[in-house]
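Data block below; observations after.
Please treat every number below as a calculation from the coordinates, not as lab data. From a predicted model like this one, the values you see are computed outputs, not experimental measurements. Neighbour counts run over all protein chains shown; Cβ positions are idealised from the backbone, glycine included.
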Amino acid sequence: GDLWAGAEVMAWHLLTHLAEQDDCVVTAICLNDGVLVDRLRRNGIDVRILREDTLSLTEIVRGAAKLLRGTDVHILHSHRYKEHVIAALLAQFFGSRLIATVHGLPEPTPTGRVRDAVRTWSTHRLLRHRFDRVAAVSNVMKETLVNEHGFRRGVVDVVHNGVTIPKERALRPCSNGVHHIGSVGRLVPVKNFALFLETAAVLRQSFSNLTFSLLGNGPDRDALLGMAHALDLDGCFRIVEPTPDPSAYYQSLDVYVNTSHAEGLPLSILEAMAFGTPVVASAVGGIPEIVRHGVNGLLVREPQPAAFAAACARVLTNATLRERFRTESKAAVATCFSAAAMAGRYVDLYRQLAMPARLSVA
């Protein structure tokens, strides 16, 4: 809960919708204070905080057991490595069934490979041997867990992420003939925003009426600003501070671009599509399960600036295509990738695991 990124947004959507179910009683245990806690409490969710910066793992487990004592907890649902460990230990106190969501596969990093490999191995071992069900956020992630990490196929369910359907977006007229191209995410290497900037530089050779931006923060911020300066993008590129509600940002875009090296099922693409913003994205991870090439967006299979620039140019110069992508994107999110649909799928899994008429979820 110390960030407001994809996993936190997904948890917020899920818990909010679960709380509306007649047969679910929901408690959230967070290991940090922050935006997630604030937004859950504003929606009336019972939230307990056990701060991981001041408590040991043993103290957190004891504290959580004390908080839940006297509650008939049928399901423990966890979302991250430390939380998986805590849930597995708590299940011994309460006899609860266990479900974990795997939000992404290990991100490629140039350093810390041994540590990351050990954590990945131990996480997968814990989930394989102690958890009743594992939810993967994309089909490709399920296949990876089964084929490369030894998970039993029948234990892994695919539950696509979902987002809130926004109010109808009015078509935004191009401001002074200037088109806005942007992306959202943590400013970290796996997002490959260097490719975004290189794409911007290529596009500027053919279009003078473009501005570019990134909504996010992270360790690569200064390096990206330096790169933008070197590419002569100072007058047309900016980094926007992240906000819990990025609606206005999505509404300002003419094209949403994702250049990631790896993804699970990115909420940022779903959010852009929910607003009818045309998407140009890397064909990696679960993205092809969201973006249907030529139907509701464009997929780029070569991580090269020229390939991304050509796809963006195709969208910018074809009004008919933009309108089709806008209509099809909104329909896809409303039909398959809404927060309500996601929550309904999890409730189905909970009901399979626990038979009582009224479920308690933590």
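A few notes on this one:
- Restricting segment 32-66 to trypsin sites (Lys or Arg not before Pro) in coil, as DSSP defines it, with at most 16 other Cβ within 10 Å: Arg51
- Computed over the chain, the per-residue total of -39500 (n - 2.57) for DSSP H runs of n ≥ 4 gives a 222 nm mean residue ellipticity of -13500 deg cm²/dmol, rounded to 500.
- Using the Karplus relation 6.51 cos²θ - 1.76 cosθ + 1.60 with θ = phi - 60°, the per-residue 3J(HN,Hα) values for segment 46-54 come to 6, 10, 10, 10, 10, 5, 6, 7, 10 Hz, with x marking Gly and Pro.
- Annotation: amide H-H contacts under 5 Å for Ser138 (H modelled 1.01 Å from N, sequence separation of 5 or more, or interchain): Val159.
- Rounded to the nearest 10 degrees, the inclination of helix 339-353 to the longest alpha-carbon principal axis of the chain is 30 degrees.
- Projected-area average for segment 168-295 over all orientations - Cα convex hull basis, square nanometres: 7.9 nm²
- Annotation: the antiparallel percentage among DSSP beta bridges lying fully within segment 131-275 is about 5.
- Our coupling estimate for segment 281-290, obtained by passing each phi through the Karplus curve with A = 6.51, B = -1.76, C = 1.60 and θ = phi - 60°, is 9, 5, 8, 10, x, x, 4, x, 7, 9 Hz, Gly and Pro reported as x.
- Basic side chains Lys and Arg get +1 at the Cβ, acidic Asp and Glu get -1 at the Cβ, and with that the dipole of segment 192-266 about its Cα centre reaches some 100 debye.
- Environment charge of Ile239, counting only residues whose C-beta is closer than 11 Å and scoring Lys/Arg +1, Asp/Glu -1: -1
- Net dipole in debye of the chain [+1 Lys, Arg Cβ; -1 Asp, Glu Cβ; about Cα centre; nearest 20]: 680 debye
- Gaussian network model of the chain, springs between alpha carbon atoms under 10 Å - residue of Thr101, Thr199, Thr243 with greatest fluctuation: Thr243
- Lysine pairs in the chain with Cα atoms under 23 Å, if 8 or more residues apart or on separate chains: 4
- Near Asp46, the amide H atoms lying under 5 Å from its own belong to Ala28; only residues 5 or more places off or on other chains count, and H is placed 1.01 Å from N.
- Within segment 273-351: Cβ-based charge dipole about Cα centre, in debye rounded to nearest 20 (Lys, Arg +1; Asp, Glu -1): 120 debye
- Nonlocal amide H pairs with Asn258, under 5 Å, H built at 1.01 Å: Val280, Ala281, Ser282
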